[in-house]
Amino acid sequence: MALAAVAAPRPTDSAQKAPFHLPRESTLPRGPEGDRIRRGLRLVMLTERELPGYVGNGLRCTSCHLQAGRVRYAAPWVGITGVLPEYRSRSGRMNTLEERINDCFERSMNGKPLPEDGVEMRSIVAYMSWLSQNVPKGRSVEGRGFKHITPRPTPDREQGARLYEARCARCHAHEGRGMKNPDGSYLIPALGGEQSFNIGAGMARLDTAAAFIRWNMPLLQGGTLTDQEAYDIADYFIHLPRPDFARKHEDWPKGGKPRDARY
Ligand code: HEC
Ligand code: HEC
């Protein structure tokens, strides 16, 4: 599956991080290991079609992890297999890569966890390992996560609604409903409603959503919103009606709740 290049300018960050080195396609092994990696790539790109029992909305992994985890500051997966397991305050303990992936299944995809030792999970991890091959173990890659905005602007939600109509609605439609293909799958993912991420997702948090859109949206025009506009628009769409997350009260059991937590 060929992936187009991203046109937008990207910010850069600190020097202690490992450089962002994508593997060459030619390093995809032949035989069963290569097949597993390709299957993993297919699962993250066509998640709702390939794993309908585990996905509860209209999203796919690559709706947020742009270009199948190959874009800096769009929560890339490059280097991820060398830094997990990792402690997370949301769960209050060490989390493996499989648990982290299942967090996104349950929250971002509003679905169910994949069996950790099943062939689908092993394929997704195989793809991420292949992506991570040029990053030294134990080091986060430059561009990991999102480029957070500091200082944080005070959001104006009404202004956000107006800006949304001007900058986002031609693709994501009125009230974030998204746009469907004739077969019912999503051409453009939803930002609100039952087909969107649930309230327990990272994208439902203001700082995270603003950081994502600041550098990635409108698609292929990342970097064209101001910090203030990113906060205004994010404050608007994260507060659109969306699914609840039943186990939300188990989050941050040992404290460390971020300022923008929704509950
Ligand atoms: C609605 C957007 C969204 C979707 C869809 C989504 N994720 Fe995520 N994902 C996030 C956010 C937000 C984070 C948190 C990034 C951070 O910590 O800065 C994240 C983090 C991750 C991480 C950890 C990254 C890191 O650097 O620690 C992995 C691995 C991951 N997601 C895998 C997946 C997989 C696999 C799927 C599909 C089953 C998926 N995600 C679907 C938004 C999403
Ligand atoms: C040119 C069409 C286009 C425009 C304009 C656009 N987006 Fe997107 N957006 C997309 C597509 C397509 C994706 C999914 C990325 C993929 O599948 O590669 C996406 C993904 C997203 C996501 C993550 C997935 C989800 O549904 O939660 C968010 C959040 C988002 N866009 C917000 C915005 C905001 C806010 C604006 C306006 C500032 C905007 N977008 C403008 C096309 C667009």
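The values are calculated or read from the model by the stated rules, or taken from the named source; none is laboratory data. Computed from a predicted model, the values in this text were never measured in an experiment. Note that we place each Cβ from the backbone using ideal geometry, even for glycine, and neighbour counts take in every protein chain shown.
The table below lists the values:
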{"read-out": "Residue list for the range 154-179, filter: among the basic types (Lys, Arg) and touching a residue at least 40 places away in the same chain (Cβ under 8 Å)", "value": "Arg157, Arg167"}
{"read-out": "Subset tally (residues that are of a type in the set (Gly, Ala, Ser), closer than 16 Å to His148 by Cβ and assigned to a loop (DSSP other than H, G, I, E, B)) for the range 219-255", "value": "2"}
{"read-out": "So Ser108, is it outside any helix (DSSP H, G or I), in contact (Cβ under 8 Å) with a residue 60 or more places away in the chain and within 8 Å of ligand 1 (Cβ to nearest atom)", "value": "yes"}
{"read-out": "Residues (within 22 Å of Val119 (Cβ to Cβ), part of a loop (DSSP other than H, G, I, E, B) and more than 20 Å from the chain's Cα centre (by Cα)) located in the range 24-68", "value": "Leu28, Pro29, Arg30"}
{"read-out": "Single residue of Val141, Val78, Val83 found to be over 18 Å from Glu50 (Cα atoms), aliphatic (A, V, I, L, M), crowded, with 20+ Cβ neighbours inside 10 Å and in the same structural domain as Arg42 (by TED's automatic domain parsing)", "value": "Val78"}
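Table: residues versus (1) among the small types (Gly, Ala, Ser); (2) away from ligand 2 (no atom under 14 Å from the Cβ).
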position	(1), (2)
Ala18	yes, yes
Pro23	no, yes
Thr27	no, yes
Gly34	yes, yes
Leu41	no, no
Arg49	no, no
Ser63	yes, no
Gly69	yes, no
